[in-house]
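The values are calculated or read from the model by the stated rules, or taken from the named source; none is laboratory data. Computed from a predicted model, the values in this text were never measured in an experiment. We place every Cβ from the backbone using ideal geometry, glycine too, and count neighbours over all the protein chains shown. Just the protein is used for accessible areas: all its heavy atoms, side chains included, with ligands, DNA and RNA removed. Shrake-Rupley method; radii C 1.70, N 1.55, O 1.52, S 1.80 Å.
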Amino acid sequence: MSGQQDEQSVVLTAYISNSEALPAVSCKEQAGFSGPSRKSGQYNVQKCRPPAAAGSSLGKAPYQRCSSQDSLDEQAMVDYYKELEIIQRSGDAELQEEVQLKVADEGEQEEAWLMEVGLATLFDESASDGEDSIVLLSSLTRTQAAAVERRVETLKQTLRKRNKPYSIPDVREIFKPSPSSDSKEHEVESTERSGSSNEEVKALGNGVGPDAQGGGAETETDINLEVSFSEQALIYKEGLKVTQLQSEADDRLPDFKMSQDKTGQTRVGDLSSEDMKKVRRLVLIEMSALFDTCGIELKAHKALKIKVRDSVLFGVPLSTLLEQDQRRVQGTRVPLILQHLVSHIEEQGLDTEGVLRIPGAATRVKVVCQELEHKFYDGMFPWERLKQHDAASILKLFIRELPYPLLTVEYFNAFISVLKLPTKKQQLQALNLLVLLLPEPNRDTLKALMEFFQRVIDHKDKNKMTLNNVAVVMAPNFFMCKGFRNKISEQQEFAMATGTANIVRLLIRYQNLLWTIPKFILNQVRKQNTEKQRKMNRDRAVKKLLKKMAYDRERTADKQEKNTEAEGGFIRVQAPQFSMVSMAVQLTEDLKASDVLTRFLSQERSLSVKREDLCLYEMGGNIKERCLDEETYIKALLELNPTAEWIIKSAQH
């Protein structure tokens, strides 16, 4: 779908056929392999021949080819409707209660949004996060600030209409600089929000506007993670448009690349839970700002509690499933049943033609599901008898039978609205933000699935499952969710089919990018941590002046020692988990995190962990904790965080 698609008053939250769904099978599943790796590989998808024709009548009205830039091959879409037919025939023997969606009242959505981003104090004086709100507001860009202002103003107007008393501050007062800050800081913050800071101008020169380095216009193959996505969208909207790439179908999607950053890429799982909480708040504000800038209104849904089926594996909430799995295998991040199913499919060979597309026998799948429910956790299930196509059908059933969709009720509509954004780059940026917003169990499970789908695609010459083929057969399983039963026209139905398939193929094709935390978000976290530390130091000075003086003398001595060491061309690396507690490493322009680990391994004789399980961490200063990408240049990072400490320990991911 393109950005010019007709916006109807109907909110399309998922594809549901106009035909009445048949009762569905109650199934249960199990699995067992490790969760998604922290360091996900870069996949290079090669061009391949078009998908093989599938000659089967689906009893569905013939459709016309979509003129959208994202149109998929017509023959590939036949597989989509075949998958729908299979889903409807499989049915559910036990009718599970559908997810009931609550439409937010006027103003309720804005209030919930402000609470979720940590700005409840803007409408509730009794909220306890006043200081954090001030720090958060001080780190926002102009488009992010505009998103907050818009929701505060909407909430004020709603309360005014209801004649309710309220104490929401004037929007102009929210971003008024604190009187305690000096004039120089005012100037910096004002410049940052105007989008004209030196850092942003420099980053724009690296690939947002037509004055990109090298003098040529930027192409959409460049992904800039240093400048706010919504700021980039605003520049695009204001006329500094980039060169559009027109490669579309199947595996010929643009080969997007992230700009190289000497301070290293930050993946999901690299940061502490405390900093990830800040990341999530900033990401929600940024996502809202991006859609606001592009003129797309998002209507969030709220799922009401439902009665969950009394089962062990299938139809069980993801969080509940992981809790029971973690009692059996500590540290489990992806449901064991899903892990075992994926492993079983791979063990039988990914060269099998039509894997994921050809369904298993419906009656046999139903029996296997019931058997898994009773024997999976006992270790008594006969995996050697499970046929590959049956296992693939059960995997898809597991996804469909989750009582709440894997992409969540809250962000389901946002995922579908991604294709309304005008450029492929903005669509990817929005997906990046949405992936980061997913709850951790959903995000980890989705990543494990995307990695598996890519491994299937890697065998496409033998199994005939190209990127498009996998996307079209999996899309109904992600988006045909219980509770999203909207009556839509045939034209809308086809648009939903192609749209959801396109979203899945973007998730698969660009997964290496989508599970990355943008640098501009991380920089905002650093700014918040610095500001919070500064405020804490100031408060400590007022309350305990004498104690602070002694503390400062001690800290000054420590810093002088550290700075002297750094100025002398060395950094001190700590390794408290191992026999070699610390070591001095010479600081050079080319020193990388990988070099530090290599040096450590050459000196640590009694190491009980593998190299891939070790990580050099940046700790303290303006970040709580960050596991470093091995390509991180230490000197560049030291300039960004001069008071950081360097710790080697086992990566907890």
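Tabulated results
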item: Residue in segment 608-628 that is modelled with pLDDT under 90 and of a type in the set (Ser, Thr, Tyr) present; result: yes
item: Those residues of segment 100-119 which are open to solvent by 70 Å² or more (accessible area, probe 1.4 Å) and at pLDDT 80 or above, in sequence order; result: 111, 115, 116
item: Segment 328-350, subset open to solvent by 30 Å² or more (accessible area, probe 1.4 Å) and touching a helix residue (DSSP H, G or I) at 6+ places or on another chain (Cβ under 8 Å), residue farthest from residue 443 (Cα to Cα); result: 348
item: Residues (farther than 18 Å from residue 388 by Cα and open to solvent by less than 10 Å² (accessible area, probe 1.4 Å)) located in segment 449-468; result: 450, 466, 467, 468
item: Test: residue in segment 493-508 that is modelled with pLDDT under 75, assigned to a helix (DSSP H, G or I) and open to solvent by 10 Å² or more (accessible area, probe 1.4 Å); result: yes
item: Condition met for residue 204 (among the hydrophobic types (A, V, I, L, M, F, W, C), at pLDDT below 50, closer than 30 Å to residue 461 by Cβ and open to solvent by 20 Å² or more (accessible area, probe 1.4 Å)); result: no
item: Residues located in segment 121-144, provided they are within 16 Å of residue 278 (Cα to Cα), in a helix (DSSP H, G or I), of a type outside the set (Ser, Thr, Tyr) and at pLDDT 85 or above; result: 134, 135, 136, 137, 144
item: Which listed residue, of 278, 257, 262, is surrounded by fewer than 18 Cβ atoms within 10 Å (Cβ to Cβ) and in contact with a helix residue (DSSP H, G or I) (Cβ under 8 Å, 6 or more places away or on another chain); result: 262
item: Selected residue (criterion: farthest from residue 83 (Cα to Cα)) from residues of segment 315-341 that are assigned to a loop (DSSP other than H, G, I, E, B) and over 22 Å from the mean Cα position of the chain (by Cα); result: 330
item: The lone exception for residue 596 - which of (1) open to solvent by 40 Å² or more (accessible area, probe 1.4 Å); (2) touching a Leu at 6+ places or on another chain (Cβ under 7 Å) it fails; result: (1)
item: So residue 486, is it assigned to a helix (DSSP H, G or I) and at pLDDT below 95; result: no
item: Pairs, first in a loop (DSSP other than H, G, I, E, B) in segment 573-589, second surrounded by 13 or more Cβ atoms within 10 Å (Cβ to Cβ) and basic (Lys, Arg), C-beta under 7 Å, six or more apart; result: 577/649; 587/635; 589/635
item: Qualifying residue in segment 342-349 (condition: outside any helix (DSSP H, G or I) and over 30 Å from residue 463 (Cβ atoms)); result: no
item: Tally of residues being more than 17 Å from residue 88 (Cα to Cα) and open to solvent by 50 Å² or more (accessible area, probe 1.4 Å) across segment 351-364; result: 2
item: Scope segment 365-389; condition outside any helix (DSSP H, G or I), aliphatic (A, V, I, L, M) and open to solvent by 10 Å² or more (accessible area, probe 1.4 Å); matching residues; result: 380
item: Contacts under 6 angstrom Cβ, first residue in segment 327-347 being on the phi < 0 side of the Ramachandran plot, partner part of a helix (DSSP H, G or I) and open to solvent by 20 Å² or more (accessible area, probe 1.4 Å), 6 or more apart; result: 332/326; 344/383
item: Pick from segment 390-439, criterion among the β-branched types (Val, Ile, Thr), part of a helix (DSSP H, G or I) and surrounded by fewer than 22 Cβ atoms within 10 Å (Cβ to Cβ), ranking: modelled with the lowest pLDDT; result: 409
item: Number of positions in segment 282-327 that are over 18 Å from residue 441 (Cα atoms), among the aliphatic types (A, V, I, L, M), modelled with pLDDT under 90 and touching a helix residue (DSSP H, G or I) at 6+ places or on another chain (Cβ under 7 Å); result: 2
item: Which numbered condition residue 451 fails, given (1) within 16 Å of residue 399 (Cα to Cα); (2) out of contact with any Pro (no Cβ under 9 Å at 6 or more places or on another chain); result: (2)
item: Complete set of residues in segment 618-637 that are closer than 14 Å to residue 527 by Cα and open to solvent by 40 Å² or more (accessible area, probe 1.4 Å); result: 621, 624
item: Residue under evaluation residue 581, criteria (1) more than 25 Å from residue 274 (Cβ to Cβ); (2) crowded, with 19+ Cβ neighbours inside 10 Å, criterion not met; result: (2)
item: Residue 175, sole failed condition from (1) at pLDDT 65 or above; (2) open to solvent by 20 Å² or more (accessible area, probe 1.4 Å); (3) closer than 23 Å to residue 229 by Cβ; result: (1)
item: First in segment 266-295 and within 20 Å of residue 331 (Cβ to Cβ) and touching a residue at least 60 places away in the same chain (Cβ under 8 Å), second anywhere and of a type in the set (A, V, I, L, M) and open to solvent by 10 Å² or more (accessible area, probe 1.4 Å), Cβ under 6 Å, 6 or more apart; result: none
item: Hey, residue 97 assigned to a loop (DSSP other than H, G, I, E, B) and either over 20 Å from residue 154 (Cα atoms) or at pLDDT below 85 (or both) or not; result: yes
item: Of all residues making up segment 226-240, the number that are open to solvent by less than 10 Å² (accessible area, probe 1.4 Å) and over 15 Å from residue 421 (Cα atoms); result: 2
item: Residue 325 being farther than 30 Å from residue 417 by Cβ and surrounded by fewer than 20 Cβ atoms within 10 Å (Cβ to Cβ); result: no
item: Residue that is nearest to residue 397 (Cα to Cα), among those in segment 454-475 that are in a helix (DSSP H, G or I) and among the β-branched types (Val, Ile, Thr); result: 473
item: Exclusive hit being crowded, with 16+ Cβ neighbours inside 10 Å, closer than 30 Å to residue 357 by Cα and modelled with pLDDT of 75 or more, set 148, 78; result: 78
item: Test: residue in segment 401-409 that is in contact (Cβ under 8 Å) with a residue 60 or more places away in the chain and polar (S, T, N, Q); result: no
item: Count - residues of segment 591-617 that are of a type in the set (A, V, I, L, M, F, W, C), part of a strand (DSSP E or B) and in contact with a strand residue (DSSP E or B) (Cβ under 6 Å, 6 or more places away or on another chain); result: 2
